[in-house]
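Trainee: Dropping the structure in here first, questions after.
The values are calculated or read from the model by the stated rules, or taken from the named source; none is laboratory data. Quantities reported herein were computed from a predicted structural model and do not represent experimental measurements. With ideal geometry, Cβ positions are generated from the backbone for all residues, glycine too; neighbour counts draw on all protein chains shown.
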Amino acid sequence: MDLLILSRLQFALTIMFHYIYPPLSIGLGVIIVIMETMYLLTRNPFYHKMTRFWVKIFGLNFAIGVATGIVMEFEFGTNWAAYSRYVGDVFGSALAAEGIFAFFLESGFLAILLFGWDKVSPFMYWLSALLVCLGAHFSSIWIVVAGSWMQTPAGFHIVGEGITARAEITDFWAMVFNPSSMERLAHVVSGCWIAGAFMVLSISAYYLLKKKHVEFAKVSMKVALTVALIATSGQLMTGRISADGVAKRQPTKLAAMEGHFAPNAPADYYFLGRVDEKNHRVSGLKMKGLVSYFVHGDFNKPVQGLEAFKKEDRPPVGIVFHAYHFMVMIGLLLIFLSVTGTVLLWRGRLFDTTWFLKILVPSVLLPQIANQLGWMTAEVGRQPWIVYGLLRTSEGLSKAVQASAVFTSLIMFTFIYVLLFVLFIFLLDQKIKHGPEGLERETQRHRA
């Protein structure tokens, strides 16, 4: 196979496996802080032991996340050496900041969170939970900043020419606050909160259906449902803002997302569709001019389509179109589940509505799928550029690496990552079956 395709497949595999875990860490971190705050305010041991259970889930997730993320650091130097040379000053500064200000903060206080729950003061334990949560969020900030710079580069100039050319920072804060970083960050973080919230909802619904740890499940579900409602509402708003940014700064990506080929015509929105990339057609259920309205506030105003750009500058349409639309559909379904759960809670029927609890159990998969589809939309939609408008993906490849070596390592990484995922599911299942420890007495006190 082609070296470029193999290298892209390998990096896609590693980042997609890794990205299962950071959103859960960020979302669970928020829920853990809320629960430990409840304990700090009430001093009811019930909440403290609730926190302990979710901290164990967090610790497992964190460990697997670290293991799956290390490989990407090496791939920058092996498969993508030309890219690393070009953006090293920019990307390296963001990754260094992530390590210093985020990873060490999160991992340092995680030890207290995991092992100090009965050895430190309640305030110190709460502070540790808060700092671990902040560390996870700081990590997302710097990673999103680095990724956003590749989408909308700013605060730099090019030094050198030809193969020695590289991007050098001229304004660090302009690089950090590049045109898309904050809108993308808000969208990513809300997606992480949703992932964590629906994991808690899924496990809590399982306990309620099994009639085990009922009081624990009820309180956990109330907290998670609150986070889910806030986060899904935020996801809808940040998604619209992010799409507006794409329309302004990456018109080829927008055209691929919407399957819009005509060079200068009103753009329709397809609720469901199938792309015929060869004949430049999309068929399906649509609303005429809706994309034009979103972009310009006018159903009849033209939007640049893919035919307005050179063929070599167009992203793959089918992948981007379907990833984007399935992501939107799942996002709307998550909003529906959050709102339905909230209404049932208000009416006092949530914990007895069996059909809804059965839906919540597998719903943990939905945010994960949506996050992966969102990543595919953003990254594949940027193609053929690895740094938008500056460096093509084909130009970022290492010159010395052979396709056979990449293919061999791709098979090896796939095997290892599958094993890690199976291990994660096995250990998670064991922790769920074991359940929270020592809550029986505290449950009686909580009910009283």
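Trainee: Please determine whether any residue of region 333-353 is over 30 Å from Ala165 (Cα atoms) and in contact with a Pro (Cβ under 7 Å, 6 or more places away or on another chain). Step through it out loud before you land on a result.
Mentor: Residues of region 333-353 over 30 Å from Ala165 (Cα atoms): 333-353.
After this cut, where a residue has to be in contact with a Pro (Cβ under 7 Å, 6 or more places away or on another chain) as well, the list is 334.
Yes, the conditions are met somewhere in region 333-353.
Trainee: Do we find that Phe91 is buried (at least 18 other Cβ atoms within 10 Å of the Cβ), of a type in the set (A, V, I, L, M, F, W, C), within 23 Å of Val200 (Cβ to Cβ) and in contact (Cβ under 8 Å) with a residue 12 or more places away in the chain in this structure?
Mentor: Details: buried (at least 18 other Cβ atoms within 10 Å of the Cβ): yes; of a type in the set (A, V, I, L, M, F, W, C): yes; within 23 Å of Val200 (Cβ to Cβ): no; in contact (Cβ under 8 Å) with a residue 12 or more places away in the chain: yes.
So Phe91 fails the test.
Trainee: If Ser283 meets every condition in (1) touching a Lys or Arg at 6+ places or on another chain (Cβ under 9 Å); (2) surrounded by 14 or more Cβ atoms within 10 Å (Cβ to Cβ); (3) more than 27 Å from Trp385 (Cα to Cα) apart from one, which number is that one?
Mentor: The number of the failed condition is (2).
Trainee: I've got another one for you. Can we say Ile230 is part of a helix (DSSP H, G or I), out of contact with any strand residue (DSSP E or B) (no Cβ under 9 Å at 6 or more places or on another chain) and either among the basic types (Lys, Arg) or under 24 Å from Trp355 (Cβ atoms) (or both)?
Mentor: no
Trainee: Any idea which of Trp142, Trp117 is surrounded by 16 or more Cβ atoms within 10 Å (Cβ to Cβ) and more than 28 Å from the chain's Cα centre (by Cα)? First the steps, then the outcome.
Mentor: Numbers: Trp142 fails: more than 28 Å from the chain's Cα centre (by Cα).
Answer to the check: Trp117.
Trainee: Which residues, taken from region 327-365, are under 21 Å from Arg184 (Cβ atoms) and crowded, with 17+ Cβ neighbours inside 10 Å?
Mentor: Listed by number, the residues that qualify are Met327, Val328, Ile330, Gly331, Leu334, Ile335.
Trainee: Determine which single condition Glu168 fails, assuming it passes every other condition in (1) closer than 26 Å to Gly245 by Cβ; (2) acidic (Asp, Glu); (3) assigned to a helix (DSSP H, G or I).
Mentor: Glu168 satisfies every listed condition except (3).
Trainee: Still on this structure, I have one more. For region 382-391, how many residues meet the condition of being farther than 20 Å from Lys248 by Cβ and either over 22 Å from the mean Cα position of the chain (by Cα) or in a loop (DSSP other than H, G, I, E, B) (or both)?
Mentor: Going through region 382-391 one residue at a time, the tally reaches 2.
Trainee: In addition: How about region 272-315: which of its residues are closer than 22 Å to Leu332 by Cβ and touching a residue at least 40 places away in the same chain (Cβ under 8 Å)?
Mentor: If the condition is that a residue be closer than 22 Å to Leu332 by Cβ and touching a residue at least 40 places away in the same chain (Cβ under 8 Å), then Leu272, Gly273, Val275, Phe294, Val295 are the ones that fit.
Trainee: Specify the residue that is nearest to Asp313 (Cα to Cα); the eligible residues are those in region 392-415 that are surrounded by 14 or more Cβ atoms within 10 Å (Cβ to Cβ) and within 25 Å of the chain's Cα centre (by Cα).
Mentor: Looking at residues that are surrounded by 14 or more Cβ atoms within 10 Å (Cβ to Cβ) and within 25 Å of the chain's Cα centre (by Cα), I get Arg392.
Trainee: Ser409: part of a helix (DSSP H, G or I), of a type in the set (Gly, Ala, Ser), in contact (Cβ under 8 Å) with a residue 24 or more places away in the chain and within 20 Å of Met72 (Cβ to Cβ), yes or no?
Mentor: So Ser409 passes the test.
Trainee: Going through Leu130, Leu201, Leu209 one at a time, which residue ends up being surrounded by fewer than 20 Cβ atoms within 10 Å (Cβ to Cβ), within 21 Å of the chain's Cα centre (by Cα) and modelled with pLDDT of 85 or more?
Mentor: Exactly one of Leu130, Leu201, Leu209 is surrounded by fewer than 20 Cβ atoms within 10 Å (Cβ to Cβ), within 21 Å of the chain's Cα centre (by Cα) and modelled with pLDDT of 85 or more, namely Leu130.
Trainee: Of all residues in region 147-165 being of a type in the set (A, V, I, L, M) and either surrounded by 22 or more Cβ atoms within 10 Å (Cβ to Cβ) or touching a strand residue (DSSP E or B) at 6+ places or on another chain (Cβ under 9 Å) (or both), which is nearest to Ser242 (Cα to Cα)?
Mentor: Out of the qualifying residues, it is Met150.
Trainee: So His296 fits all but one of (1) touching a strand residue (DSSP E or B) at 6+ places or on another chain (Cβ under 6 Å); (2) over 18 Å from Phe261 (Cβ atoms); what number is the exception?
Mentor: (1)
Trainee: Given the options Thr51, Thr37, name the one that is surrounded by 18 or more Cβ atoms within 10 Å (Cβ to Cβ), farther than 25 Å from Leu9 by Cα, among the β-branched types (Val, Ile, Thr) and over 21 Å from the mean Cα position of the chain (by Cα).
Mentor: Working: Thr37 fails: surrounded by 18 or more Cβ atoms within 10 Å (Cβ to Cβ).
After ruling out the rest, the residue left standing is Thr51.
Trainee: Within region 292-319, which residues are surrounded by 13 or more Cβ atoms within 10 Å (Cβ to Cβ) and more than 27 Å from Ile386 (Cβ to Cβ)? Break it down into steps so the answer makes sense when it comes.
Mentor: Kept after step one, since they are surrounded by 13 or more Cβ atoms within 10 Å (Cβ to Cβ), are these residues of region 292-319: 292-296, 299, 301-309, 313-319.
Of everything in region 292-319, those that are surrounded by 13 or more Cβ atoms within 10 Å (Cβ to Cβ) and more than 27 Å from Ile386 (Cβ to Cβ) turn out to be Ser292, Tyr293, Phe294, His296, Phe299, Lys301, Pro302.
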